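For reference, the structure is listed below as structure tokens.
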């Protein structure tokens, strides 16, 4: 995100909030994964430039078919009803390999879980020292089953439809001015309704609007 032109990704609040809604587990040393495309354990080679790196303590080829299993190194315990969603770092695509997500019932599990990545093609991929190989967030997953999705017409909610149409016209006008190089529009760069937690009409969101998340660090 920092390397992107004008740091534009930081303008997307949902993206930045997703990036900060969890904790990372990072590599203690660099790890290079090489896969020749075969389906067996021996078709994956793991190596590190760090002398005497304990590779087996970090990652192994266990599930075959180009999958590498990382040891998280921790046994997690969460409050009743809460599970850990383990995934790759949000919004950080890694060429040649894909993070496999898992939802783990850590409110009862008495042993550690692992994080798995699958190579997408034969070749080499390197995780640098300090690079995150697992991203953890929490979800009260039993409550999801109480949610009943409903499909309704926006015409059933006149106020919502009014706000939606106002947003649509405001957005179209802004883009037209941006394309026409209107000085004030170009200077503003982007609309900030969502960032400010307000509707296009200027009404403030009726629920708590969060623009930054500061999670607590692990303690002993």
Next item on the list: Would you kindly identify the strands (runs of 3 or more DSSP E) lying entirely within region 83-156 that contain at least 1 residues that are at pLDDT 95 or above and in contact with a helix residue (DSSP H, G or I) (Cβ under 6 Å, 6 or more places away or on another chain)?
Entry: 83-87
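Mind telling me which of the residues 114, 26 ends up being in contact (Cβ under 8 Å) with a residue 40 or more places away in the chain, surrounded by fewer than 15 Cβ atoms within 10 Å (Cβ to Cβ) and touching a strand residue (DSSP E or B) at 6+ places or on another chain (Cβ under 6 Å)?
26
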Next item on the list: Using the structure shown, decide if residue 217 is part of a loop (DSSP other than H, G, I, E, B), exposed (fewer than 14 other Cβ atoms within 10 Å of the Cβ), in contact (Cβ under 8 Å) with a residue 60 or more places away in the chain and under 23 Å from the mean Cα position of the chain (by Cα).
Entry: no
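Can you confirm whether residue 53 is in a strand (DSSP E or B), crowded, with 16+ Cβ neighbours inside 10 Å and modelled with pLDDT of 95 or more?
Values: in a strand (DSSP E or B): no; crowded, with 16+ Cβ neighbours inside 10 Å: yes; modelled with pLDDT of 95 or more: yes.
Taking the combined requirement at face value, the residue does not satisfy it.
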Next item on the list: Could you identify the single residue in 63, 76 that is in a loop (DSSP other than H, G, I, E, B), closer than 22 Å to residue 219 by Cα and either touching a strand residue (DSSP E or B) at 6+ places or on another chain (Cβ under 6 Å) or at pLDDT below 95 (or both)?
Entry: 76
Notebook entry, point to check: Inside region 166-202, can you point out the residues that are in contact (Cβ under 8 Å) with a residue 12 or more places away in the chain and over 17 Å from residue 17 (Cβ atoms)?
Noted result: 166, 167, 170, 171, 174, 189, 191, 199, 200, 201
Note to self: Which count do you get for residues in region 163-195 that are surrounded by 13 or more Cβ atoms within 10 Å (Cβ to Cβ), assigned to a helix (DSSP H, G or I) and in contact with a helix residue (DSSP H, G or I) (Cβ under 7 Å, 6 or more places away or on another chain)?
What the structure shows: 7
Notebook entry, point to check: Out of curiosity, is residue 168 on the phi > 0 side of the Ramachandran plot and not assigned by TED's automatic domain parsing to the domain that holds residue 23?
Noted result: no
Next item on the list: State whether the residues of region 129-146 include one that is within 30 Å of residue 3 (Cβ to Cβ), loosely packed, with under 15 Cβ neighbours inside 10 Å and free of Cβ contacts under 8 Å to residues at least 12 places away in the same chain.
Entry: no
Margin query: Against the definition (surrounded by 15 or more Cβ atoms within 10 Å (Cβ to Cβ), in contact with a strand residue (DSSP E or B) (Cβ under 9 Å, 6 or more places away or on another chain), assigned by TED's automatic domain parsing to the domain that holds residue 18 and not in a strand (DSSP E or B)), how does residue 70 come out, yes or no?
Written below: no
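The values are calculated or read from the model by the stated rules, or taken from the named source; none is laboratory data. None of these values were measured; they are calculated from a predicted model. As a convention, Cβ positions derive from the backbone with ideal geometry for all residues, glycine included, and neighbour counts pool all protein chains shown.
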